[in-house]
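Trainee: After the structure tokens below, expect a handful of questions from me.
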2 protein chains.
Amino acid sequence: MRFARNSEIYGEEEAAEHLYQVTSGAVRTYRILEDGRRQIGAFYLSGDIFGFEAGDTYIASAEAICESQVLMVRRSALMIRAIHEKDLARQLWNATALELRRSQDHVMLLISSAEQRVMGFLRDMARRAPKNAAIELPMSRQDIADYLGLTIETVSRTFTQLEQKGIISLPTSRRVELRDHILFHDFTRNLG
Amino acid sequence: MRFARNSEIYGEEEAAEHLYQVTSGAVRTYRILEDGRRQIGAFYLSGDIFGFEAGDTYIASAEAICESQVLMVRRSALMIRAIHEKDLARQLWNATALELRRSQDHVMLLISSAEQRVMGFLRDMARRAPKNAAIELPMSRQDIADYLGLTIETVSRTFTQLEQKGIISLPTSRRVELRDHILFHDFTRNLG
DNA sequence: CGAGTTGTTGACCCTTGTCAAAGTATGTGG
DNA sequence: CCACATACTTTGACAAGGGTCAACAACTCG
């Protein structure tokens with residue numbers, strides 16, 4: 001399936017009929033608060049699987065950030081196969097556990113300072129992006145702000161400050177280059 | 001198994017050998033950040049099941065908040081049973097999905113104001129506590145602060161402000177009574 | 001009763017949000 | 001190719017919410 005920029009893939013509270021895998025492009029999941037603010041739960045890039053945040057209904061909406069291709073699999077079909085293929089059942093459970101871990105890492109991000117949040121976000125993107133290249137951000141500053149629980153102005157200012165400190169460089173607003181030691185720091189944490 | 005106040009039930013990064021159910025008392029799970037701050041991931045009360053936040057190793061530590069009794073079940077035994085009892089497998093997956101949902105609700109809490117966070121916390125405790133009675137909080141202000149990403153001072157001040165506004169009353173620091181309409185508001189949200 | 005823990009309050013400051021404006025891309029139609 | 005419109009991003013000035021530091025009050029437990 002193809003989805004245009006900003007088009008909805010599924011909506012919160014809809015029956016969760018499919019699991020999804022991004023084959024190209026990028027996807028965001030989000031929830032809207034009573035006061036109208038938007039909280040982005042996660043970004044999914046090429047290769048990532050999403051739609052696991054579900055019991056019977058989705059608990060977040062999903063949208064394509066840019067023109068994206070997405071693979072769809074019927075949950076019901078998977079469930080039937082999972083009865084006999086114990087390995088598949090295990091994989092489904094593991095994938096949900098992985099999402100849980102991601103969400104808990106997200107919580108850890110949200111309790112630190114603006115600079116720490118942006119750095120954490122960039123480290124995560126760097127880890128998931130094609131190795132050692134500059135990061136190409138598919139999402140807007142507003143998306144990043146809504147993911148990190150900051151305002152767009154604070155995100156923008158923090159990017160500028162990180163560049164002034166020489167921690168990143170910003171050839172364009174959507175392209176970020178990190179100094180190597182930052183990546184290294186992240187790797188040691190994951191191995192630790 | 002009995003655990004004394006503040007004693008460790010399991011540690012982060014340990015092999016995840018058991019699932020747990022609280023039979024009496026209360027449990028907190030937490031992670032420590034590099035800078036030494038503690039983030040509490042969840043509180044578990046009587047009847048709650050925990051230890052699901054795990055692949056092969058726990059991703060948080062668990063401690064008894066007060067003298068507590070906890071039921072332990074070997075994960076390996078459950079996994080073996082789950083191969084044949086498809087319903088059990090389903091339940092395990094569902095329980096993890098429920099934890100995921102809890103974590104995402106936690107994220108939503110963390111992006112709002114101090115008052116909203118404390119209110120959200122109290123609503124959650126009220127919903128889980130024995131119906132319509134005053135809430136008896138097993139955890140300290142420090143625990144609440146570390147759960148909500150605030151300081152102990154801000155939590156204390158917010159409790160005082162809520163009482164001054166007539167939204168709660170505080171017979172003692174660990175006992176909270178909410179006005180009915182607050183509970184009602186919560187119920188309507190859950191019913192959708 | 002006294003010592004240690006837990007909770008509350010006050011004064012001040014810093015980070016981040018708010019409001020406003022200007023700068024930069026990107027795209028569209030002539 | 002240019003003129004214009006629209007989105008997105010950056011920057012500045014100011015205000016407010018929450019953090020920090022410090023003192024004090026209330027509970028617990030020996």
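Trainee: Any idea which residue in region A:44-81 is farthest from the other protein chains (Cβ to nearest Cβ), counting only those that are of a type in the set (Gly, Ala, Ser) and surrounded by fewer than 14 Cβ atoms within 10 Å (Cβ to Cβ)? Don't jump to the end; show me each part of the working.
Mentor: Residues of region A:44-81 that are of a type in the set (Gly, Ala, Ser), as a first pass: A:46-47, A:51, A:54-55, A:60-62, A:64, A:68, A:76-77.
Next cut, surrounded by fewer than 14 Cβ atoms within 10 Å (Cβ to Cβ) only: A:47, A:55, A:76-77.
Details: A:Gly47: 19, A:Gly55: 5, A:Ser76: 13, A:Ala77: 15 Å.
By that ranking, first place goes to A:Gly47.
Trainee: Taking B:Arg123 as the residue in question, decide whether it is more than 11 Å from DNA strand C (Cβ to nearest atom), among the charged types (D, E, K, R) and not in a loop (DSSP other than H, G, I, E, B). Outline the logic, then answer.
Mentor: Details: more than 11 Å from DNA strand C (Cβ to nearest atom): yes; among the charged types (D, E, K, R): yes; not in a loop (DSSP other than H, G, I, E, B): yes.
Against the criterion (more than 11 Å from DNA strand C (Cβ to nearest atom), among the charged types (D, E, K, R) and not in a loop (DSSP other than H, G, I, E, B)), B:Arg123 qualifies.
Trainee: Do you know which of the residues in region A:91-113 that are surrounded by fewer than 17 Cβ atoms within 10 Å (Cβ to Cβ), more than 16 Å from DNA strand D (Cβ to nearest atom) and more than 16 Å from the chain's Cα centre (by Cα) is nearest to B:Glu34 (Cα to Cα)?
Mentor: Here the residue is A:Asn94.
Trainee: State whether one or more residues within region A:114-136 are more than 25 Å from B:Gln39 (Cβ to Cβ), within 13 Å of DNA strand D (Cβ to nearest atom) and out of contact with any Asp or Glu (no Cβ under 9 Å at 6 or more places or on another chain).
Mentor: yes
Trainee: Residues of region A:30-43 being within 12 Å of chain B (Cβ to nearest Cβ), in a strand (DSSP E or B) and either of a type in the set (Ser, Thr, Tyr) or in contact (Cβ under 8 Å) with a residue 40 or more places away in the chain (or both), which ones?
Mentor: Answer for region A:30-43, where residues must be within 12 Å of chain B (Cβ to nearest Cβ), in a strand (DSSP E or B) and either of a type in the set (Ser, Thr, Tyr) or in contact (Cβ under 8 Å) with a residue 40 or more places away in the chain (or both): A:Tyr30, A:Arg38, A:Gln39, A:Ile40, A:Gly41, A:Ala42.
Trainee: Does any residue in region B:98-114 that is facing chain A (nearest Cβ under 7 Å) come within less than 8 Å, Cβ to Cβ, of a residue that is among the aromatic types (Phe, Trp, Tyr) six or more places away or on a different chain, and which pairs are these?
Mentor: B:Glu99/B:Phe52; B:Leu100/A:Phe52
Trainee: Can you name the number of the only condition in (1) within 16 Å of DNA strand D (Cβ to nearest atom); (2) within 13 Å of chain A (Cβ to nearest Cβ) that B:Gln142 fails?
Mentor: (2)
Trainee: Give me the pairs, please: first residue somewhere in region A:154-166 and away from every other protein chain (no Cβ under 14 Å), second residue anywhere and within 8 Å of DNA strand D (Cβ to nearest atom), beta-carbon distance under 7 Å, and either six or more positions apart or on two chains.
Mentor: A:Ser156/A:Arg141; A:Phe159/A:Leu170; A:Glu163/A:Leu170
Taken together, the values in this text are just the output of simple stated rules run on the coordinates, not laboratory data. These numbers come from a predicted model, not from an experiment. FYI the Cβ positions are ideal-geometry reconstructions off the backbone, even for glycines, and counts take in every protein chain you see.
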